[in-house]
Amino acid sequence: MDNRPYTVVFQHDLGIGDLIFRLPYIEAVAKQSRNNRVVLIARPTCRPMDILRNVEYIDEIIIYDRWRKEDNKGEHRGFSGFLKLLKIVKAKKFDRIVIFSDRIRYGLLAFLAGIPIRIGYGGFGWNWPQRFFLNRKPYIKKYDGPCITNYEWATELSIKHGFTDKRLVPRLKIPIELIEKHKDITNGLPDKNIVVAVGASVKHKDWGVENFTQLAIHLLETGYGVIFIGGKSEEGILKNIYEKIPDVLRIHLKTLMPESVMDSAAIIKHCDVCLGNDTGIVYVAAATESKTLVLIGNRPIPCHDSDIRYITAESISAITVDKVYNDLVDMIK
């Protein structure tokens, strides 16, 4: 009988990248939990049901639906929503919770659910009362360095609580059936192909249609294949780019809206490099060990994977087409 704690992990943040950054530490917690598995609570916007569909260390996923983009509502929004989530969590009778967040309400949730072992960041600033509801020290310090915080905080918590003794790099396997499904994606294209992810959650992360179009033209003219990918919200962008590229070059161009994040990852795996704005799919690509180039402008970079190549500048708009082209060619060699 496995007497290790039955564990739930709370992944608070909205983005796909946020989930990817924490994956190695979720796995590290699982290795010290019952049956080497954990239950994960996560937002629907980070696509856990898709990304983690074949991940062995996830026993179950509880969707924390606090906000929907289309109506600014969600099943777990407000006090009544909190009680709904509390009922679900309490019924599971977990032995331990690990909270990758500093928010007070998640500490309160763990306390009210009667979870015996409660681990979390301990709160920063106005969230410092979170520690009143936790019962396992040490807490972590607020990160104040050059990198984005999410990975750094998860790293510190995991090391301080003995789930690992070092920084871990996210890794993710693409389901074999998806690799096979997209095996012909480069048929008719040149030997070397670049996937371009055009999505961006906010404007200051978006390199822009004109830049992506000019880059594609340059790549196509010099003998590379180009596959643009995006979700439903990028349908107009993909159409706009396609229409701006001369007919004679479109023979080596594809614009796609894959069915899922992991379909996108499988497509990228069949190509040479993934280029994109600072958006979730590029971090999924990197986690599957695809070569990845990220356009990030003047922002802190994620420091979770030294194999990812970033292009920084005083702003995203200051990144030149020539710079991106040269970096891509260098990565393909």
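When the residues of the stretch 219-234 are narrowed to those that are open to solvent by 60 Å² or more (accessible area, probe 1.4 Å) and not charged (D, E, K, R), which ends up farthest from the chain's Cα centre (by Cα)?
T222
Here are L134, L168: which of them is modelled with pLDDT of 95 or more, over 25 Å from the mean Cα position of the chain (by Cα) and closer than 29 Å to I58 by Cα?
Every option except L134 fails the conditions.
So which of G208, G199 ends up being touching a residue at least 12 places away in the same chain (Cβ under 8 Å) and on the phi < 0 side of the Ramachandran plot?
On the way: G208 fails: on the phi < 0 side of the Ramachandran plot.
Of the residues listed, the single one that is touching a residue at least 12 places away in the same chain (Cβ under 8 Å) and on the phi < 0 side of the Ramachandran plot is G199.
Name, by its number, the condition in (1) crowded, with 19+ Cβ neighbours inside 10 Å; (2) in a helix (DSSP H, G or I) that does not hold for M331.
Result: M331 fails condition (1) only.
For the stretch 174-204, name all the residues that are open to solvent by 40 Å² or more (accessible area, probe 1.4 Å) and either part of a loop (DSSP other than H, G, I, E, B) or touching a Leu at 6+ places or on another chain (Cβ under 8 Å) (or both).
Residues of the stretch 174-204 that are open to solvent by 40 Å² or more (accessible area, probe 1.4 Å), as a first pass: 176-177, 179-181, 183-184, 187-188, 191-192, 201-204.
Passing the criteria: K183, D184, N187, G188, D191, K192, S201, V202.
Just to be sure before I move on: is I159 closer than 30 Å to R103 by Cβ, of a type in the set (A, V, I, L, M, F, W, C) and without any contact (Cβ under 8 Å) to a residue 60 or more places away in the chain in the structure I sent?
Details: closer than 30 Å to R103 by Cβ: yes; of a type in the set (A, V, I, L, M, F, W, C): yes; without any contact (Cβ under 8 Å) to a residue 60 or more places away in the chain: yes.
The answer is yes for I159.
Check whether at least one residue in the stretch 272-288 is surrounded by fewer than 17 Cβ atoms within 10 Å (Cβ to Cβ) and more than 19 Å from V209 (Cβ to Cβ), and report yes or no.
Start the filter on the stretch 272-288 by keeping residues that are surrounded by fewer than 17 Cβ atoms within 10 Å (Cβ to Cβ), which leaves none.
No; the residues of the stretch 272-288 include none that is surrounded by fewer than 17 Cβ atoms within 10 Å (Cβ to Cβ) and more than 19 Å from V209 (Cβ to Cβ).
For the stretch 144-165, which positions are in contact with a helix residue (DSSP H, G or I) (Cβ under 8 Å, 6 or more places away or on another chain) and at pLDDT 95 or above?
Y151, A154, T155, L157, S158, F163, T164, D165
Mind counting the residues in the stretch 71-92 that are within 15 Å of G114 (Cα to Cα) and polar (S, T, N, Q)?
Of the residues in the stretch 71-92, 0 are within 15 Å of G114 (Cα to Cα) and polar (S, T, N, Q).
Listed here are the residues, each with its yes/no results for (1) within 23 Å of Y224 (Cα to Cα); (2) of a type in the set (D, E, K, R).
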| position | (1), (2) |
| --- | --- |
| G276 | yes, no |
| V294 | yes, no |
| N298 | no, no |
| I301 | no, no |
| D305 | no, yes |
| V324 | yes, no |
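Output the residues belonging to the stretch 55-108 that are loosely packed, with under 15 Cβ neighbours inside 10 Å, assigned to a loop (DSSP other than H, G, I, E, B) and modelled with pLDDT of 90 or more.
If the condition is that a residue be loosely packed, with under 15 Cβ neighbours inside 10 Å, assigned to a loop (DSSP other than H, G, I, E, B) and modelled with pLDDT of 90 or more, then E56, K93 are the ones that fit.
So which residues in the stretch 32-54 are closer than 26 Å to L112 by Cα and not in a helix (DSSP H, G or I)?
Passing the criteria: Q32, S33, R37, V38, V39, L40, I41, A42, R43.
Could you check the stretch 24-39 and list, in sequence order, the residues that are aliphatic (A, V, I, L, M) and within 15 Å of the chain's Cα centre (by Cα)?
I26 - this is the single residue of the stretch 24-39 that is aliphatic (A, V, I, L, M) and within 15 Å of the chain's Cα centre (by Cα).
Cβ contacts < 9 Å: first residue of a type in the set (K, R), restricted to the stretch 255-271; second residue in a loop (DSSP other than H, G, I, E, B), any location; separation 6+ or different chain. Result?
K269/I174; K269/H182; K269/T288; K269/E289; K269/S290
On the basis of being over 21 Å from K173 (Cβ atoms), open to solvent by 10 Å² or more (accessible area, probe 1.4 Å) and in contact with a strand residue (DSSP E or B) (Cβ under 9 Å, 6 or more places away or on another chain), does I237 make the cut?
yes
If we scan the stretch 180-189, do we find a residue that is within 22 Å of D322 (Cα to Cα) and in contact with a helix residue (DSSP H, G or I) (Cβ under 7 Å, 6 or more places away or on another chain)?
no
Residues R171, R131, R136, R167: which one is of a type in the set (D, E, K, R), over 26 Å from D305 (Cα atoms) and in a loop (DSSP other than H, G, I, E, B)?
R136
Give the residues of the stretch 114-127 that are surrounded by 15 or more Cβ atoms within 10 Å (Cβ to Cβ) and out of contact with any helix residue (DSSP H, G or I) (no Cβ under 7 Å at 6 or more places or on another chain), sorted by residue number.
I115, I117, I119, F124
Determine, yes or no, whether M262 is at pLDDT 95 or above and either crowded, with 18+ Cβ neighbours inside 10 Å or part of a loop (DSSP other than H, G, I, E, B) (or both).
Spelling it out, M262 is indeed at pLDDT 95 or above and either crowded, with 18+ Cβ neighbours inside 10 Å or part of a loop (DSSP other than H, G, I, E, B) (or both).
The values are calculated or read from the model by the stated rules, or taken from the named source; none is laboratory data. What you see is a predicted model, and the numbers here were worked out from it, not measured in a lab. Every residue, glycine among them, receives a Cβ derived from its backbone with ideal geometry; neighbour counts consider all protein chains shown. Note: areas computed on protein heavy atoms with side chains; ligands, DNA, RNA excluded. Shrake-Rupley method; radii C 1.70, N 1.55, O 1.52, S 1.80 Å.
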